[in-house]
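The values are calculated or read from the model by the stated rules, or taken from the named source; none is laboratory data. Note that the coordinates shown come from a computational prediction; the quantities given were computed from them, not determined experimentally. FYI the Cβ positions are ideal-geometry reconstructions off the backbone, even for glycines, and counts take in every protein chain you see.
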Amino acid sequence: MKNCKKSISEDAIPSYKSHFVYMLSCADNSLYTGYTTELVRRIRMHNEGKGAKYTRGRGPVELLYWEEGTDRSWGLKREEAIKRLPRPKKEELIAALHDRLNEASQNSVEEFDATVGGRDPR
């Protein structure tokens, strides 16, 4: 995965409160890893220049990856673990999430087709 610019569609991003570790692609093609309890709000803050110092001046940013965990302690530990990974390992995490999202999307289309008998419901 040479270019990490394949962002996640907005409708796939969790909009509820929980504990998230996430990776962003910055305009300079660098990766930023962070922790938050409100993923959509935090991405918006990064893009408004109100996020981390690292992402200020490197926007716009795009969400490439997230994980959901149990609590703040988990999130901070996981954030640190991901930050320590070399870029190729981070790209593997990103690719694996995109594969899962694509598979889930395909399964939803197949379920829809089966529900309406494979015909256009209009």
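Laid out as a table, the results:
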| read-out | value |
| --- | --- |
| Whichever residue in segment 58-67 is under 16 Å from Leu97 (Cβ atoms) and of a type in the set (A, V, I, L, M) and, among such residues, is surrounded by the most Cβ atoms within 10 Å (Cβ to Cβ) | Leu64 |
| Lone qualifier among Leu39, Leu31 - being under 22 Å from Ala81 (Cα atoms), modelled with pLDDT under 95 and within 12 Å of the chain's Cα centre (by Cα) | Leu39 |
| Number of positions in segment 68-92 that are in contact with a helix residue (DSSP H, G or I) (Cβ under 8 Å, 6 or more places away or on another chain) and at pLDDT below 95 | 1 |
| Residue among Thr55, Thr70 that is over 15 Å from the mean Cα position of the chain (by Cα), polar (S, T, N, Q) and surrounded by 15 or more Cβ atoms within 10 Å (Cβ to Cβ) | Thr55 |
| Qualifying positions in segment 22-45 - part of a strand (DSSP E or B) and either among the aromatic types (Phe, Trp, Tyr) or surrounded by fewer than 18 Cβ atoms within 10 Å (Cβ to Cβ) (or both) | Tyr22, Tyr32, Tyr35 |
